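The values are calculated or read from the model by the stated rules, or taken from the named source; none is laboratory data. Values in this document were obtained by computation on a predicted structure and should not be read as measured data. Glycine gets a Cβ as well: all are built from the backbone with ideal geometry, and neighbour counts include every protein chain shown.
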């Protein structure tokens, strides 16, 4: 039995979706930022940095989104090409590309003040936005031309679920509204989001997190 | 047969040491920075974003340092807990921690001009990056102090080589400026670096790239 520590519509969402797709039993422990749950000693014992997601497993508590995802795929033999298979290399490249490039880029779009302070947040956001567009174009090109199953609209993977969550973030939550990025600009990624968000496991996860509508292919734009 | 596309003293160093440690045959190909070879059409066909290193394998080219290291470990069943091993979870947690937090923080400390957004922002940017790097180093030092097989001075591992290479980089400072980070508190990590740099695989890599004999603990910049 797994316990996922998270917050609806935060970074724990991709783990929440992966657990639902794997159809394994788990408990969702909803943390409350305002109640100080992130600083509670019991939570800090699981993750000294006080961040979500954290997944408690039979092999101990794991943090780092990519580490949790890879662990789950290996343990359950789903959502990724298995180690030793020929398409593992391609999968790993782009999985790590998503966690090392897209994920921090999306975070910077949401909090452009964090890397260098408020004085330069506009410039930081502008550069991040441009870099994300280049990176998304590369990912879209791959999905369009090589069409690996782990970026397809009809079969979820650790990578595609991860990309889905980030597509939502970069559309809905940028600090500077002009830097919001719509998945429609990347047709193969948009089709992937449209296909996967209608799966029953994904719909159930979204409902549990209180999210309605096309959460990944066409979420609302940023609040004015 | 693998083909490693590299630059001297680049992140490709961790891949080279790993290949040496695995004892697998490979060739290497130097990418000339001045000639802009990582932006050439031939290299872009291999690596669309011009990232270094790239490793050509029988399963196609691989890029992203962490992806290459993890793929090599899994492919050869060495230098990391195997996917079914009980310590795979702990290994993955700290491997991804190193690649997601320590690696970018080190780059931000060393090359603020590439990441800060503007010259005026660099001092504040570096201060924040130094704090992030120190936080990551202290957590990894705490982990290394327990001497897990996957981050140990006595046993080679992809995480050990990766972290030791990042420690190497932190010995670099621009001419006339002090080191940004005092590494002396991180004794367990120092032990990992000191243990690993004496391995034949590391000494061979140092000779291949002309980097001296104490590549991790006392690099010659």
If you take the residues of segment A:1-29 that are loosely packed, with under 15 Cβ neighbours inside 10 Å and free of Cβ contacts under 8 Å to residues at least 40 places away in the same chain, which of them is nearest to residue A:211 (Cα to Cα)? A:27
Given the criterion outside the structural domain of residue B:12 (by TED's automatic domain parsing) and either in contact (Cβ under 8 Å) with a residue 12 or more places away in the chain or under 15 Å from residue A:83 (Cα atoms) (or both), identify the matching residue among B:65, B:82. B:82
Can you name the number of the only condition in (1) surrounded by fewer than 22 Cβ atoms within 10 Å (Cβ to Cβ); (2) in contact (Cβ under 8 Å) with a residue 40 or more places away in the chain; (3) more than 8 Å from chain A (Cβ to nearest Cβ); (4) closer than 16 Å to residue B:165 by Cβ that residue B:46 fails? (4)
Show the residue pairs meeting these rules: Cβ distance below 9 Å; 6+ apart or different chains; first residue within segment B:206-221 and at positive phi; second residue outside any loop (DSSP other than H, G, I, E, B) and at pLDDT 90 or above. B:212/B:206
Reported set for segment A:30-69 where residues are at pLDDT below 95 and buried (at least 21 other Cβ atoms within 10 Å of the Cβ) is none
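Of all residues in segment A:110-120 being surrounded by fewer than 21 Cβ atoms within 10 Å (Cβ to Cβ) and at pLDDT 90 or above, which is farthest from residue B:123 (Cα to Cα)? Can you show your working first?
Within segment A:110-120, the subset surrounded by fewer than 21 Cβ atoms within 10 Å (Cβ to Cβ) is A:110-111, A:113-114, A:117-119.
The next check asks that each one be at pLDDT 90 or above; those that pass are A:110-111, A:113.
Details: A:110: 22, A:111: 19, A:113: 15 Å.
Restricting to residues being surrounded by fewer than 21 Cβ atoms within 10 Å (Cβ to Cβ) and at pLDDT 90 or above, the top hit is A:110.
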Out of all the residues in segment B:90-139, which are crowded, with 20+ Cβ neighbours inside 10 Å and without any contact (Cβ under 8 Å) to a residue 24 or more places away in the chain? B:92, B:93, B:100, B:112, B:115, B:116, B:117, B:121, B:125
Do we find that residue A:187 is within 24 Å of residue A:9 (Cβ to Cβ) and either touching a residue at least 24 places away in the same chain (Cβ under 8 Å) or surrounded by fewer than 19 Cβ atoms within 10 Å (Cβ to Cβ) (or both) in this structure? no
What number of residues within segment B:58-91 satisfy the criterion of being in a loop (DSSP other than H, G, I, E, B) and either in contact with a helix residue (DSSP H, G or I) (Cβ under 8 Å, 6 or more places away or on another chain) or more than 7 Å from chain A (Cβ to nearest Cβ) (or both)? 13
If a residue counts only when it is farther than 16 Å from residue A:18 by Cβ and more than 14 Å from chain B (Cβ to nearest Cβ), which helices (runs of 4 or more DSSP H) contained entirely in segment A:109-216 have at least 2 such residues? A:158-172, A:187-196
Quick check: is even one residue across segment B:21-34 assigned to a helix (DSSP H, G or I), touching a residue at least 60 places away in the same chain (Cβ under 8 Å) and more than 12 Å from every other protein chain (Cβ to nearest Cβ)? yes
Are there any helices (runs of 4 or more DSSP H) wholly within segment A:1-103 with 2 or more residues that are within 11 Å of another protein chain (Cβ to nearest Cβ), and if so which? A:65-76, A:88-97
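For (1) in contact with a helix residue (DSSP H, G or I) (Cβ under 6 Å, 6 or more places away or on another chain); (2) without any contact (Cβ under 8 Å) to a residue 40 or more places away in the chain; (3) at negative phi; (4) surrounded by 24 or more Cβ atoms within 10 Å (Cβ to Cβ), each residue gets a yes or a no:
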site: B:141; (1), (2), (3), (4): yes, no, yes, no
site: B:149; (1), (2), (3), (4): no, no, yes, no
site: B:152; (1), (2), (3), (4): no, no, yes, no
site: B:155; (1), (2), (3), (4): no, yes, yes, no
site: B:169; (1), (2), (3), (4): yes, no, yes, no
